[in-house]
Amino acid sequence: MKHFNLDGTAVPFEDGDTLMDAATRAGHLIPHLCWHTTLGQSGACRLCTVKVDGHLAAACTTRAVPNQVVENRTPELDGKRLLLTQMLFVEGNHFCPSCEKSGHCLLQATAYELGMTEPRFDEFYPKRPVDASHPDLWLDLNRCILCKLCVRASHEIDGKDVFAISGHGIATHLIVNSPSGKLADSAFAKEDFAAQVCPVGAILPKRRGFVVPIGARPFDNALVPALMNAAQEGENA
Ligand code: SF4
Ligand code: FES
């Protein structure tokens, strides 16, 4: 079997694997927000940036090659990841204690894993809409981190193309593909994979609130194993 070197450990891989695929299968955490085992590559969040033979590269879009030397959890790279995470927290409106996704949220858990204990930058407090028009699901763009997981899930798995990304720079935002631009007029359904895959609390089911008690939520006790599992499962299921 072919191997590459990840932080001093030999990691086996199969032809076609990305560094992320092989590392995750071998039980190594490469922090990530926009990668999912069942979806195509995106490279949207850059949190998985590693050094490959001394050069920065996204682990989720870089093919594994024999004998590559890959640096992952170094102070330098985790410092860059922490900075990205801190910027994401102020770019949107994230109020963890009042969010149903708290304890299941990949952004929140990643922040804990990287040692973020307080805000670093002044909050932007952007004005963003909430779409509560759908009977079963709601969309809170205040929490959207533009990972495109819902976009890819709706296209690749559900075959619906309910979501897309629009705009540029700071104005980049998620849009809904329907005549009114509202979820109620779209083909979105609660059974869709796109309804399960949001890593934060931007797409949530209605009529459900804090059903899992604090202390029993996935990220409460086993942070790294839960982070490893997060890419395998739909958290809203
Ligand atoms: Fe990602 Fe959720 Fe925003 Fe979709 S709604 S882009 S899944 S954060
Ligand atoms: Fe690789 Fe987001 S997980 S760029």
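Quick grid of which residues meet (1) of a type outside the set (Lys, Arg); (2) in contact with a Pro (Cβ under 7 Å, 6 or more places away or on another chain); (3) within 28 Å of ALA216 (Cα to Cα):
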| position | (1), (2), (3) |
| --- | --- |
| SER98 | yes, no, yes |
| LEU107 | yes, yes, yes |
| ALA111 | yes, no, yes |
| ARG120 | no, no, no |
| PRO126 | yes, no, no |
| ASP131 | yes, no, no |
| PRO135 | yes, no, no |
| CYS147 | yes, yes, yes |
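Mind counting the residues in region 12-23 that are surrounded by fewer than 22 Cβ atoms within 10 Å (Cβ to Cβ) and either of a type in the set (A, V, I, L, M, F, W, C) or in a loop (DSSP other than H, G, I, E, B) (or both)? Before you say what the answer is, go through the steps one by one.
Applying the first criterion (surrounded by fewer than 22 Cβ atoms within 10 Å (Cβ to Cβ)) to region 12-23 yields 12, 14-18, 21.
Restricting the remaining residues to those that are either of a type in the set (A, V, I, L, M, F, W, C) or in a loop (DSSP other than H, G, I, E, B) (or both) gives 14-17.
Adding up the residues that qualify gives 4.
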Over region 133-162, the set of residues away from ligand 1 (no atom under 12 Å from the Cβ) and either touching a residue at least 12 places away in the same chain (Cβ under 8 Å) or within 9 Å of ALA202 (Cβ to Cβ) (or both) is SER133, HIS134, PRO135, ASP136, GLU156, ILE157, ASP158, LYS160, ASP161
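Would you check if MET1 is away from ligand 1 (no atom under 16 Å from the Cβ) and closer than 22 Å to PHE193 by Cα? Let's see the steps before the verdict.
Details: away from ligand 1 (no atom under 16 Å from the Cβ): yes; closer than 22 Å to PHE193 by Cα: no.
For MET1, the condition - away from ligand 1 (no atom under 16 Å from the Cβ) and closer than 22 Å to PHE193 by Cα - is not met.
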Discussion item. With the structure loaded, tell me whether SER133 is hydroxyl-bearing (Ser, Thr, Tyr) and either at pLDDT below 95 or crowded, with 18+ Cβ neighbours inside 10 Å (or both) or whether it fails that test.
Written reply: no
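Could you list, in sequence order, all residues of region 153-175 that are of a type outside the set (A, V, I, L, M, F, W, C) and under 16 Å from PRO126 (Cβ atoms)?
Initial filter on region 153-175 (of a type outside the set (A, V, I, L, M, F, W, C)): 154-156, 158-161, 166-169, 172-173.
Answer for region 153-175, where residues must be of a type outside the set (A, V, I, L, M, F, W, C) and under 16 Å from PRO126 (Cβ atoms): SER166, GLY167, HIS168, GLY169, THR172, HIS173.
Considering each residue of region 62-90, count those that are farther than 19 Å from GLU113 by Cα and within 11 Å of ligand 2 (Cβ to nearest atom), and give that number.
Total meeting the criteria: 1.
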Given (1) out of contact with any strand residue (DSSP E or B) (no Cβ under 9 Å at 6 or more places or on another chain); (2) free of Cβ contacts under 8 Å to residues at least 24 places away in the same chain; (3) over 21 Å from HIS94 (Cβ atoms), ALA171 misses just (3)
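Among the residues of region 24-36, what is the count of those that are of a type in the set (S, T, N, Q) and either within 16 Å of ligand 1 (Cβ to nearest atom) or in a loop (DSSP other than H, G, I, E, B) (or both)? Don't jump to the end; show me each part of the working.
The initial filter retains those residues of region 24-36 that are of a type in the set (S, T, N, Q), namely 24.
Restricting the remaining residues to those that are either within 16 Å of ligand 1 (Cβ to nearest atom) or in a loop (DSSP other than H, G, I, E, B) (or both) gives none.
So the answer is 0.
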Residue hits (region 91-117; among the β-branched types (Val, Ile, Thr) and away from ligand 2 (no atom under 16 Å from the Cβ)) are THR117
Next on the checklist: Is it the case, given these coordinates, that GLY92 is touching a residue at least 40 places away in the same chain (Cβ under 8 Å), within 15 Å of the chain's Cα centre (by Cα) and loosely packed, with under 15 Cβ neighbours inside 10 Å?
Outcome noted: no
- Task: State whether the residues of region 50-61 include one that is touching a His at 6+ places or on another chain (Cβ under 8 Å) and within 15 Å of ligand 2 (Cβ to nearest atom).
- Result: yes
Residue pairs within 9 Å by beta carbon, gap of at least six or interchain, first lying in region 193-214 and under 19 Å from THR110 (Cα atoms), second more than 16 Å from ligand 1 (Cβ to nearest atom), listed first then second, are ILE214/GLY103; ILE214/ASP220
Those residues of region 8-61 which are without any contact (Cβ under 8 Å) to a residue 60 or more places away in the chain, in contact with a Lys or Arg (Cβ under 9 Å, 6 or more places away or on another chain) and under 18 Å from ALA226 (Cβ atoms) amount to HIS28, ILE30, CYS48
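The values are calculated or read from the model by the stated rules, or taken from the named source; none is laboratory data. Not measured: the values here are computed from a predicted model. Because the Cβ atoms are built from the backbone with ideal geometry, glycine has one as well, and the counts that use them run over all protein chains shown.
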